[in-house]
1. Can you find, among A:Ile264, A:Ile234, A:Pro306, the residue sitting farthest towards the positive end of the charge dipole of region A:231-337, where Lys and Arg contribute +1 and Asp and Glu -1 at Cβ?
2. Treat every Asp and Glu Cβ in region A:221-335 as -1 and every Lys and Arg Cβ as +1, leave all other atoms uncharged, and give the resulting dipole magnitude about the Cα centre to the nearest 20 debye.
3. Arrange A:Tyr233, B:Tyr13 by Cβ neighbour counts within 10 Å, fewest through most, would you?
4. For the pair A:Glu470 and B:Glu50, what calculated FRET efficiency results from E = 1/(1 + (r/R0)^6), where r is the Cβ-Cβ distance and R0 = 56 Å, to the nearest 0.05?
5. Helix-only mean residue ellipticity at 222 nm, the protein assembly as shown, DSSP H runs n ≥ 4 weighted -39,500 (n - 2.57), per residue, nearest 500. What is it?
6. Grab the other residues whose beta carbon is less than 10 angstrom from that of A:Arg530, score K and R as +1, D and E as -1, and report the net.
7. Which lysines, if any, have their Cα less than 18 Å from the Cα of A:Lys113, not counting same-chain residues under 8 positions apart?
8. Give the long-range amide H neighbours of A:Phe190: residues separated by 5 or more places, or on another chain, with amide H under 5 Å away, using H modelled in the peptide plane at 1.01 Å from N.
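Readers should treat all values here as calculations from the given coordinates under stated rules, not as data from a laboratory. Note that the structure is a prediction, hence the values are computed from the model and not measured. All Cβ positions, even for glycine, are placed from backbone atoms using ideal geometry, and neighbour counts span all protein chains on display.
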Amino acid sequence: MAVSTNTILICAGGACISAGEKSVKQVLEEKLREYALDGVVRVVETGCMGACDLGPIVAVFPEGVYYQKVNTENVKKIVEEHILKGRVVEEMLFEGPQGKIAAEVYEEHPFFKKQVKIATRNLGIIDPMNIDEYIARDGYFALTKVLTEMTPEQVIEVVKKSGLRGRGGAGFPTGLKWEFTRKSQSDKKFVVCNADEGDPGAFMDRSILEGDPHTVLEAMTIAGYAIGGQKGYIYVRAEYPLAIERLKNAINQAREYGFLGENILGTGFSFDIEIRIGAGAFVCGEETALINSIEGKRGQPNVKPPYPAQKGLWGYPTLINNVETFANIPPIIIKGADWFASIGTETSKGTKVFALAGKVKNTGLVEVPMGITLRELIYDIGGGVPNNKKLKAVQTGGPSGGCIPAEYLDTPVDYESLKELGAIMGSGGMIVMDEDTCMVDVAKFFLQFTVDESCGKCTPCREGTRKMLEILEKITRGEGEEEDLEKLEELGKIIIDSSLCGLGQTAPNPVLSTLKYFRDEYEAHVKEKRCPAKVCKDLIRYVIDSEKCVGCTACARVCPVGAISGEVRKAHDIDPEICTRCGSCIEVCRFGAISKVSP
Amino acid sequence: MEKSVCKEHEKLYRELDEFIQEVEGDSSALIEVLHKAQQIFGHLPIEVQEHIAEKLNIPVSKVFGVVTFYSLFTMKPRGKYQIKICLGTACYVKGADKLMDRFKEELEIEEGEVTKDGLFSLHAVRCLGACSMAPVVMIGESDFYGRVTPDEVPKIIRNYKNRGGK
Ligand SMILES: Cc1cc2nc3c(=O)[nH]c(=O)nc-3n(C[C@H](O)[C@H](O)[C@H](O)COP(=O)(O)O)c2cc1C
Ligand code: SF4
Ligand code: SF4
Ligand code: FES
Ligand code: FES
C-alpha cells in the first residue's frame, strides 16, 4: 500500500467554506484516524482551486485527482476507496458536458481548458504551509538566479521586456516602475505589496496569498534586490485572517531557509518582510493612502507627485505592486521575458486572473491569456447564463469600472479595449448580469459603495457622489425627471475632473457607462415610471393570476407581512399597500401564479 | 460583584499593555494596537482610546481620528452573534439586498444596530470570497451560509436564539 505519500488537499476558499468545507474536513480527519492513517496521509487546506461552484473540492495527490461537491457522507468513500484501495471514486469526479471526467484529463473540463495559469500556477496544487512543496515547483529558484547571476539592472530589463503591467487596476508598466524606484537616490528604500483587494466582487489576491504565499515573498525579495531596498511590507485586509496566518508562517519558513533576512543565500544581500493589517477602508488600496495607513495614520490619499517611487513610506522611495503583479515575477525570471511576452496581445502581455461570478453557470477563479474575448470567457469557460436567460451586460473593474453590453462580447480582454468601452480591466472582478438585472439599480449599488467609502478629503468626491446617489434613488423611486439624466452626466464629469485620487476620478464610471449603453432603461424609469427588469421596488407590484392560482395557501403562509388573503382552494389576492416586495411568495408558488409587473 | 468586574477589567488592560510593550518603538503601531484592543474589549470606548493614547504617547485626538476613519473599528458594542451579510457585487446581483431587508424585519433593527437582548447585530460586508455561493451570510467568524433565500432567515436566527447567550 503506497498510502504514505498521499496528501489530501481540501479547498478552504470562501465558496468551499460556505459549502461546508469545515465539517467535511472534520469527518475526513476522523475517518483517517479510524484507519490509523492520520500520521501518514496529510490533510491540507488550500486557497481557492478555481471551480468554486463545484465545491467543496477535495484533491488527492500525488495522483492529482479532483473530487467535486464533497459532503460529510461521500468524503468517507475517498478514504475507503481511494486512499485504502487505490480506486478512484468515479462518481465524484468533476463533471463535464459529456459526463464524468477521468482523473488524468480533468484539464479537459471546459472550465480549465482555456485557462493559462501563471500567477495561480500553484493554487490548489501545493500545500501553502510547506515551503518544500513550493521549492519542489521551482520555488525560490528565480531568487537564487537573480542573486547569483544577475545585476539589478538586468532584472529590471527582463521585467521591462516581459511587458508585465500592474494588475492592481491602473496597468502601469511594472518594469518602468521598478526602474524609477531604482533610480531614486536614497540609502533606504521599501517594497510594498498591496494586498488590500478592495473591489467588492473579487478575491484573486486573497486566493494567491492563501494558496501560494511564498511566491509573493520571493517576488518582493527580487524586487528589493532590483530597486536597492532593504525591507518589505505586505498590507493585507483584516478581513483575510487565513491569508495573514499563511503569510506569517511563510515568512518564518523563508527566514529559516535563508531566503529572507541577513545575507540571503550567502550573497551578502539582506531583505526582510513584515505584515501590516488594514482596518476596513476601501480608499487604503490607493497607494498613497496605503502608505499613510502603514504609518499608522488615517488612510487618506496625498497629492501625486511626488510618487511613492520618489517619496513613499516615511519619505523614502517605495515600490508598490499588487499581489498578482508580484506572483507573475518568478515565472518571468525563470522562463524569460520572451516567453511571457509571447502570451497576450500587443499592449497587454501575459494573463489576467478574474473572479467570475453573477449570472453565469461556472463561477470561480479563472486565469486567462490577455486578448481572450469576453464571449470565450463567459460562454466557453463560464458555460453561459443559467436558466436560459439572456446575457445583458458584463461588469468589470468594480466601483471604478463599467458595464459592457452584450453587443460587445467579442471584445478582447486587454487594458485598452476595455477602457475604450468605458469599462476598465480593474483588479479582476467580473460579474455577469442577465435580463433580470436592472442597470439603474446596479449603478445605484456602486455609487452607494463609493459614497460609503469616499474618504471625504475632496468636496466633489464627497458631495458630488452623494448628490448623484440621491438622483439615482429618486429615479428608482419613480420620481425622476428628464433633466436628471443630464445632471448625472454633468456631475459625473465634474467629479472625474476635480477629485484628487482614483476613487473620485473613477466613481462616476458605473453610472456613465450604464447611461451610455442602457439609456432606454433609465428613460423607462423616468418617463414611464417603469422598471423593465422588474427590480426597483417602488415601480413593481406582485400580482396573483386568478386563473392559475389553485388556492393552496402556500404564498399566504410565507408572506412575512400578511399581505396575501384568500380562502383555501380559492384564488388569492395581494394587497399592494401592505406588500413589501420581498419576493418570498413567488419562490414558493408551485403553480407559477404569482408574477411581478411594472406598469 | 463590583469588585470582580473591576478585576476583570484590570486583567484586560494588562493584556493590552503587554501587547503595547511588545510592539513599542514602532511608529506605525497604532492600528495594530487598536485591532488588539478591539479584540480584547469587543469595542473601543473612549476610555480605552485614552488609555492607548497615553501609552503610545500620542494625542487622544489622533487615536480618535484613526478609530473613526476605519470602518472595522467600532465604539459601540456589537451583538454576541454578528450577522454579516455580503453586499459585494456578486451577492447584490443575486438579491442580497432582499436578505438584508428580511434580517432587518425579523430582528427589528437597522444595519449597524444591536438587538435589545444583545444577541445579534447586523452588518453589511463586502465580498467574502464566496461569490459562487451568492448570496452569502456569515455569522460570527466562522459560520458561513451560502445561496441563502429570504425564507431561510427566520430559521437561521432561531438556531442562534436557541443557543442563547452560550
Ligand atoms: C480607490 C483605489 C483603490 C485601490 N485599491 C487597490 C487594491 O485594492 N489593490 C491594488 O493592488 N491596487 C489598488 N489600487 C491601485 C493602487 O493605487 C496602485 O496603483 C497599485 O497597487 C499598484 O500596483 P500595480 O502596479 O502592481 O498594479 C487602488 C487605487 C485606488 C485609486
Ligand atoms: S477623490 Fe475622494 S477618496 Fe480620493 S482623496 Fe478625494 S475625497 Fe478622498
Ligand atoms: S412579495 Fe413578499 S410581502 Fe409581497 S405578497 Fe409576496 S410574500 Fe408578501
Ligand atoms: S473556493 Fe473552493 S474552488 Fe474556489
Ligand atoms: S460578492 Fe458576496 S461573496 Fe463575493
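1. A:Pro306
2. Numbers: 11 positive and 10 negative charges, 36 e Å.
Dipole magnitude for region A:221-335 comes out near 180 debye.
3. B:Tyr13, A:Tyr233
4. Numbers: r = 38 Å, r/R0 = 0.68.
Once rounded, the FRET efficiency stands at 0.90.
5. Working: 29 runs with 290 residues, N = 765.
It comes out at -11000 deg cm²/dmol, rounded to the nearest 500.
6. Details: positive: A:Lys527, A:Lys529, A:Lys534; negative: A:Glu521, A:Glu523, A:Glu528.
Within the 10 Å Cβ shell, the charges total 0.
7. A:Lys100, A:Lys352, A:Lys361
8. HN-HN under 5 Å from A:Phe190: A:Thr318, A:Leu319.
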